[in-house]
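Q: Just dropping this structure here.
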Amino acid sequence: MTLPTGTVTFLFTDIEGSTRLMQELGDRYVQAQVEHHAILREAFRSGDGRELRTEGDSFFCVFESALDGCRAAAQAQREFARHEWPDGKPIRVRIGMHTGEAPLVGAEYIGLDVHHAARVAASAHGGEVVLSEATRGLVEGSLPAGLSVRDLGMHRLKDLSRPERLFQLVIDGAPNDFPALRTLESTPNNLPTQLTSFVGRERDVEEGKKLLRNTRLLTLTGPGGMGKTRLSLQIAADVVNVFEGGVYFVPLSAVRDPDLIASAIAQSLGIQVSGNRLPVDAVNEYLMDRDVLLVLDNLEQLLPDGAPVIAKLLQASPRVKVVASSRAALKIYGEQELALEPLRTPSLHALPSLAALSQFEAVALFIERAVAAKHDFHVTNENAPAIAGICERVDGLPLAIELAAARIKLFSPQALLARLETSASVLGSGSRDLPSRQQTLKGAIAWSYDLLDDPHKKLFSRFSVFARGASLEQAEVVCGPESELGVDVLTGLDELADQSLLRPLPDYDEPRLIMLQVIRDYAFETLEASGEADEIRNRHAEAMQRLAEDAAPHLFGSEQKKWLDRLELDHDNFRAAFDWSVSHGNAKRALSLGAAFWRFWQFRGHLREGRTRLDTILAMPGSRDDPSDRARALEAAGGVAYWQGDMDAAQVYYDEALELARVQGDPAGVANALYNASFPRNVGMRDLPGAQALLEEALPIFQQLGNERGYAQILWGLGQIYFRGGHDTEASRKAIDEAIVLFRRLDDRFGLGWALFTRALLALRMEDVAGSKAYNLEALKLFAGGDDVTAPALILRALSEAAHREGDENRAARLAGAAEAQEASSGSALGSLVGGTEGWRPSDNLSAAEEAARGEGKAMTLQEAIDYTLAGSDEASAIASS
């Protein structure tokens, strides 16, 4: 059989529900399968298709013409539709087609396009034919009568590729109405886009799926670089339709403290955890009744202390399953371990034929990655033995194979093998107390490192300081200029990415690069050995401090969300900067980092982590050397404690900051500290006269300085005290309304949101329910626009009280339930505090209907609660702005 080359169309088929059919038909299934095979083969022959492979009920066929492939697929589906099947139980076949180019090695096609076609087929339903964009583009204008194309929209296939448009081949005489495609969009997930195809562990995927059906914890074990992460992602992608609650990837390589595992899980699930509530409690509450698969990646550095955390999570969430990757098993009861072996390599003593060579997983991976690096690479009788030798020399380790294949641009396979043979000492340079495979992996990385020139080696080492990748701009600042490195950073990083020592992260507006953790570990060893580690880590911490300080002024206005998202992207880098500054006693930088970064912790729900870090920083030797730095960090600690609802601690922090400000004598610092120190006294009505005295002392200072924002803040604070202390409500209204006008003019959305909320409280005091709703709805829109996760719970609780006073008890209960759920996940505690002081209706003694509505509210996500609350709110919002 002569196989076509160049641009060809690949067609895959599979029987839907074959296992169920076998059980239902028993012995008659064999005859049905024979008839199925005959129908397909006749259809393939009609389009001059070449049948390449049959595995069970699946066929793989190739066509020179995409149009012939479509005709053959249509003929098959028509025949399946009209055929009389045993017991009236039809065989329904899904068919997928994709057109592209793939290297032909013997009688086997290798490359991304082949895998892509298989994934297109896997997205279809029985009786359906799905086409890729490439195939549709070739046939749409030439299809015969009775065939047409239907656009199915954008989809991500289960090979974790980027979204692409898929199409249905509409066939007269065959079924044409089907459910939504079986793609990643069918279930909530955060599975990351992959830039390369999954090669070489298909059997491990099937074994992992089989094991996962009967266990709640599947741990993939093996040394670094064995492909555990990629395998875990592929298993998750293949079973995504099984978990209605979602499939979520949780990267843990940057986490060193087992207590932060729950925080990392919460972040991946989109649960914002803050306040005094433990992250593990929020996670357990969220997962309690959900069918969810968690993919926990890189657990080894968290063992053994991290294992009980996972065990408790599984105990608390009976419908949750976990796929974990680790260099060692977790040793938890019920754990199923899947120990990964190196990819299969051919024997150098009895090399198979060229046609059989690509059947070995290691060789298939090498060829595919080599073609990606050099598009005109071909496997020949001359270089096939060298390819086999390379795979054998690196023990079939996936990362080592990828590093070797990346060098095809510079070396032939024969030259690569010769270099490996002469560099045996490099490949075996790992510590003797490490497993041999780990030594080999380290040797492979060292070998790739040794092939770099000195400037690229220096850049490689310095880039390792970034915990979760970096933008080009950050790399230029931290790694140094060309005059220092000997190479332009952009050019150098591009070269390192070409050599698979760096990887670009997809789906970001700006180019961003990251090192695999195992490569980063090696690169950091070289940085330590260079004597430059302290200098580069100081640069890194300085860059993070500068980013936080640059962002801080923008966290209250129209650019709030953009800057918060920017900080979120570098959260792990900030953690590294904090750890370095604290461990090396740089109290000044640690204080400055904490002062600049705390609003991120507040807005994005990391208050517990922020409180722990700030307490550590404030206890550092040297933290009292600079009163100005300490005062700013105390303000941050007071703010975090305030949002946690810990008013006693907030008062201590704020009062010390005020003492330092008075000693320094800076008017702006004193006024700001007076304002801060008033709030714990104000909230909860702890000391209203004391709070008022502090604000009245600060007011003329802000006026003299011409600080309109500070002046507006004082008016806002006084307005609260006036109505809480039983003063003239007209004075309260006047102060708050003036603050609202100022905040609007200053585009201070944070201040405006809270002034509006306070105005809503006053309106409720005055029984102006409609006005209170309007103010709160506008405030909620402001907070939602910045993805603030702490404020909405308080707004929802206030709107629940308004609904109660209007007599809409079901809506009140639903909003109260939503508020409770968000308070449970955010832990800010202010909603309950304010509700208590204002005498709002507690969420108990509800009717059966109200209790059901409350349950509906508690089941809402934050976005669902906001959408529900804002529905039909335009008219009410107009009241506030009039």
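Q: Looking for whichever is modelled with pLDDT under 95, in a helix (DSSP H, G or I) and among the acidic types (Asp, Glu) here; the options are GLU730, GLU697. Which one fits?
A: Sole residue among the options that is modelled with pLDDT under 95, in a helix (DSSP H, G or I) and among the acidic types (Asp, Glu): GLU730.
Q: Please indicate, with yes or no, whether at least one residue in segment 369-378 is under 29 Å from ALA328 (Cβ atoms), at pLDDT 85 or above and surrounded by 16 or more Cβ atoms within 10 Å (Cβ to Cβ).
A: Checked against the condition, which is being under 29 Å from ALA328 (Cβ atoms), at pLDDT 85 or above and surrounded by 16 or more Cβ atoms within 10 Å (Cβ to Cβ), segment 369-378 yields at least one hit.
Q: Also: Exactly one of these conditions fails for LEU846: (1) farther than 20 Å from ILE736 by Cα; (2) without any contact (Cβ under 8 Å) to a residue 60 or more places away in the chain; (3) in a helix (DSSP H, G or I); (4) among the hydrophobic types (A, V, I, L, M, F, W, C). Give me its number.
A: (3)
Q: Still on this structure: When both residues are 6+ apart or on different chains and their Cβ atoms are under 8 Å apart, which pairs have a first residue that lies in segment 337-348 and is touching a residue at least 24 places away in the same chain (Cβ under 8 Å), and a second that is surrounded by 12 or more Cβ atoms within 10 Å (Cβ to Cβ) and among the polar types (S, T, N, Q)?
A: GLU337/THR219; GLU337/THR221; LEU338/THR219; LEU338/THR221; ALA339/THR221; LEU340/THR221
Q: Shifting gears a bit: Taking segment 156-165 as the search range and keeping residues that are assigned to a loop (DSSP other than H, G, I, E, B) and either among the hydrophobic types (A, V, I, L, M, F, W, C) or without any contact (Cβ under 8 Å) to a residue 40 or more places away in the chain (or both), which one is surrounded by the fewest Cβ atoms within 10 Å (Cβ to Cβ)?
A: Out of the qualifying residues, it is PRO163.
Q: What pairs come up if the first residue lies in segment 238-263 and is on the phi > 0 side of the Ramachandran plot, the second is not in a loop (DSSP other than H, G, I, E, B), and their beta carbons are under 6 Å apart, counting only those six or more places apart or on different chains?
A: Taking only residues 6 or more apart or on different chains, the pairs are GLY246/ASN189; GLY246/VAL292.
Q: Of everything in segment 186-208 that's hydrophobic (A, V, I, L, M, F, W, C) and open to solvent by less than 10 Å² (accessible area, probe 1.4 Å), which residue is farthest from ASP498 (Cα to Cα)?
A: Among those residues, the one meeting the criterion is VAL205.
Q: Now, a different point. Collect the residues in segment 43-74 that are assigned to a helix (DSSP H, G or I) and touching a residue at least 12 places away in the same chain (Cβ under 8 Å), keeping them in residue-number order.
A: If the condition is that a residue be assigned to a helix (DSSP H, G or I) and touching a residue at least 12 places away in the same chain (Cβ under 8 Å), then ALA43, PHE44, SER46, ALA66, LEU67, ASP68, GLY69, CYS70, ARG71, ALA72, ALA73, ALA74 are the ones that fit.
Q: Quick one: count up the residues across segment 810-842 that are within 22 Å of GLU864 (Cβ to Cβ) and either surrounded by fewer than 20 Cβ atoms within 10 Å (Cβ to Cβ) or of a type in the set (Lys, Arg) (or both).
A: Selection size over segment 810-842: 5.
Q: Would you point out which residue out of VAL322, VAL240 is within 26 Å of ARG503 (Cβ to Cβ), modelled with pLDDT of 95 or more and among the aliphatic types (A, V, I, L, M)?
A: None of the others qualify; the one that does is VAL322.
Q: May I pose another question? Any residue in segment 544-566 that is crowded, with 17+ Cβ neighbours inside 10 Å, in contact with a helix residue (DSSP H, G or I) (Cβ under 6 Å, 6 or more places away or on another chain), part of a helix (DSSP H, G or I) and aromatic (Phe, Trp, Tyr)?
A: Yes; the residues of segment 544-566 include at least one that is crowded, with 17+ Cβ neighbours inside 10 Å, in contact with a helix residue (DSSP H, G or I) (Cβ under 6 Å, 6 or more places away or on another chain), part of a helix (DSSP H, G or I) and aromatic (Phe, Trp, Tyr).
Q: Testing ALA415 on (1) at pLDDT 85 or above; (2) under 23 Å from ARG203 (Cα atoms); (3) open to solvent by 10 Å² or more (accessible area, probe 1.4 Å); (4) not in a loop (DSSP other than H, G, I, E, B), one condition comes back false. Which one is that?
A: Failing condition for ALA415: (2).
This table checks each residue for (1) open to solvent by less than 30 Å² (accessible area, probe 1.4 Å); (2) in contact with a Pro (Cβ under 8 Å, 6 or more places away or on another chain).
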| residue | (1), (2) |
| --- | --- |
| VAL105 | yes, no |
| TYR109 | yes, yes |
| LEU112 | no, no |
| HIS116 | yes, no |
| VAL120 | yes, no |
| GLY141 | no, no |
| PRO144 | no, no |
| PHE167 | yes, no |
| PRO175 | no, no |
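The values are calculated or read from the model by the stated rules, or taken from the named source; none is laboratory data. Note that the coordinates shown come from a computational prediction; the quantities given were computed from them, not determined experimentally. Neighbour counts are summed over all protein chains in view; Cβ atoms, including those assigned to glycine, are modelled from backbone coordinates with ideal geometry. We work out accessible area using only protein heavy atoms, side chains counted, and drop any ligands, DNA or RNA first. Shrake-Rupley method; radii C 1.70, N 1.55, O 1.52, S 1.80 Å.
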